[in-house]
Amino acid sequence: MFFDMFKPREFMSRLIELSKVDIHHFVANKQWSPLVNAEMESDSFFHPNLGGVTQGGMSNHYPMTIMSLAALGAKDGEISHFRQRWPRYRAHISKDLNLVDRQEITLDNWTTYLGKTSRLLEFQRVFLQGLLTLGKAEFINCALDKMKLSLPMGLYHPLIQLSFAAMHGDQKLIANALAYFAIRYQNLYREYPKLPLTSQSDVLVSSVWANAHQHIKSLKTSFEVRGGSLNICEQLCAEKSIQQIAFPDGFVINEENLTEKIAQISQAAIKLYLYEPALTTLHAVTSCQALADLTLRFTRNNTSNTTYVKIWSLYWIWLTSLYLEKGCAAALPSVDTNVDINAETDTDWHIIAQQACNIPEVHLIKMVYSCKWLYEHVQADELYRIAAMNIITEKDAHPSVIKWIKNEKLT
């Protein structure tokens with residue numbers, strides 16, 4: 001049972017307390033303006049997929065973009081302007097989709113209903129109960145551990161929405177994001193791979209990809225690699241050969257080196273985006289940032305550290321799959337040290353953030369926010385600023401010309 005690890009008396013006492021409060025009450029965060037809080041509360045009544053009740057469908061980027069704008073310093077007028085300019089369709093969970101809570105899912109059995117798209121309301125109720133019973137960090141980490149094999153599903157949008165919900169802080173928003181994760185669940189890895197947790201050496205992320213490039217011609221998969229980038233990467237995650245390429249001898253992600261590996265993996269993600277700008281490589285960066293945010297926010301004890309080591313390992317397998325799908329390049333972009341970026345532009349992060357607040361495209365706003373966050377919280381790598389400057393210059397997720405970089409051979 002889900003709560004076997006907790007003391008029954010304390011658990012029952014907490015449930016009695018919960019019965020006395022309205023667990024569906026939205027709690028505004030004073031860090032954000034009343035407009036932002038109102039928009040986040042209003043959006044929580046809509047389905048997280050633009051396609052409605054579907055295993056596919058586009059993500060509802062709206063709440064994540066509102067939070068990105070607010071974090072970048074957008075004024076209420078700019079947020080209202082974005083809302084008026086961005087066309088969107090959102091399906092109301094009850095009025096449009098007629099979803100109901102059958103009261104069949106509980107905190108003990110919810111994992112047996114994973115992937116059931118019509119159970120959204122039940123997942124929301126159960127996850128809210130779990131959050132209020134155990135607290136945010138404990139329940140989120142437990143839930144992510146149980147759903148980790150579905151990590152890349154939906155191009156990481158459930159994970160990204162979870163990060164923004166945690167940034168806001170309202171427990172209903174967090175429960176909704178976890179419910180989104182649950183209805184999109186699909187086991188993409190088959191089982192958690194057997195990976196080393198200790199190593200005599202510490203191979204760099206760049207060396208892993210350099211080795212992959214050397215052996216790409218001998219790589220074999222159990223399926224014919226064809227179709228869209230997203231679908232190919234989802235299938236590659238379960239391939240033993242890909243998992244071995246991502247974790248060769250001497251390479252390990254563990255509790256001791258997790259912070260270092262997060263910085264290396266984040267740098268690999270931004271390099272892959274700059275090498276081939278696309279929606280998949282863009283989401284590689286925004287999802288990496290979301291995972292880094294959740295890791296820093298909720299790693300409080302050895303148990304949670306172990307959980308995030310596993311999740312980062314799974315993310316790395318997917319990112320390596322994307323690297324292979326994008327051509328397994330022998331060289332990736334690095335900062336051109338022969339060019340003085342600051343001499344050519346006075347675009348610092350404050351100006352970049354201001355200009356990003358006036359871009360009407362959701363992916364670009366979120367990408368600028370993610371680059372700025374990674375620069376400030378993971379590593380002050382100029383590649384993040386270069387990517388953001390290109391976005392505000394060309395206002396395109398697929399820039400035609402990327403300045404201030406050069407291709408550097410992987411070693």
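Just so it is clear, none of the values below were taken in a lab; they were calculated from the coordinates. It should be emphasised that the depicted structure is a prediction, and the values quoted were computed from it without experimental measurement. Cβ: placed from backbone, ideal geometry, glycine included. Neighbour counts: every protein chain shown.
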Förster-model FRET efficiency, 60 Å R0, His81 and Gln214, C-beta, rounded to 0.05: 0.75
Cα→Cβ-extended label distance, 7 Å offset, between Val203 and Met58, nm: 4.0 nm
So for the chain, taking the charge dipole from beta-carbon charges (+1 Lys/Arg, -1 Asp/Glu), which of Gly154, Ser94, Tyr369 sits furthest toward the positive end? Ser94
Length gained, Gln354-Ala331, 0.36 nm per residue minus C-alpha separation, equals 5.0 nm
Scaled to the compact-protein estimate 2.2 N^0.38 Å, what is the alpha-carbon radius of gyration of region 211-299, rounded to two decimal places? 1.20
As I understand it, the dipole of the chain uses +1 on the Cβ of Lys and Arg and -1 on the Cβ of Asp and Glu, about the Cα centre. Which of Gly227, Gly327, Thr106 lies farthest toward its positive end? Thr106
Report the Rg/Rh value for region 295-401, based on alpha-carbon coordinates and the Kirkwood definition of Rh. 1.02
Could you size up the charge dipole of region 8-183 around its Cα centre, putting +1 on the beta carbon of Lys and Arg and -1 on that of Asp and Glu, and report it in debye to the nearest 20? 200 debye
If you average the alpha carbon positions of region 32-80 and of region 388-408, how far apart do those two centres end up, in angstrom? 27 Å
Cβ under 14 Å from Gln235's Cβ, Gln235 left aside: what net charge do those residues give with Lys, Arg +1 and Asp, Glu -1? 0
I need the peptides 94-102, 177-185, 273-281 ranked by packing, meaning the mean over residues of other C-beta atoms within 10 angstrom, with the highest value on top. 177-185, 273-281, 94-102
What are the membrane-span-like helices in the chain by this rule: whole DSSP H runs, Cα extent along the axis at least 24 Å, mean Kyte-Doolittle hydropathy at least 0.5? 279-298
Packing-based ranking, highest mean first, of 330-338, 189-197, 148-156 given that Cβ atoms within 10 Å are counted: 148-156, 330-338, 189-197
Test of understanding: ordering Val126, Val53 by Cβ neighbours within 10 Å, fewest first, what list do you get? Val53, Val126
Residues whose modelled amide H sits under 5 Å from the amide H of Ser59, counting only those 5 or more places away in sequence or on another chain, are Leu50
Hey, what does the equivalent ellipsoid look like for region 8-183, semi-axes from the Cα gyration tensor as sqrt of 5 times each eigenvalue, largest first, whole Å? 26, 20, 15
Fewest first, what order do Leu410, Leu230 take by the number of other Cβ atoms within 10 Å? Leu230, Leu410
The pairs in Lys366/Lys406; Lys172/Lys372; Lys148/Lys194; Lys220/Lys261; Lys326/Lys372; Lys240/Lys261 lying past 20 Å Cα-Cα in this model are Lys366/Lys406; Lys172/Lys372; Lys220/Lys261; Lys326/Lys372; Lys240/Lys261
Would you mind counting up the charge near Arg297? Only other residues with Cβ under 15 Å from its Cβ, with Lys and Arg at +1 and Asp and Glu at -1. -2
What are the residues whose amide H is under 5 Å from the amide H of Ala331, where those residues sit 5 or more places off or on another chain and H is modelled from the backbone? Leu410
Hydrodynamic radius of region 233-283 per Kirkwood, over alpha carbon pairs, in Å: 12.6 Å
Can you list residues from other chains, or at least 5 along the same chain, whose modelled amide H is less than 5 Å from the amide H of Phe46? Ile93
Relative contact order as a percentage, region 192-339, C-alpha pairs under 8 Å and 6+ apart, gives 35 percent
For region 196-411, take the convex hull of the Cα atoms, compute a quarter of its surface area, and give me that in nm², please. 12.5 nm²
Under a crude label model (7 Å from the Cα following the beta-carbon direction), how far is Ser42 from Ser94 in nanometres? 1.8 nm
Let me know the Kirkwood hydrodynamic radius for the chain, please, with Cα pairs as the basis and the value in Å to one decimal. 22.1 Å
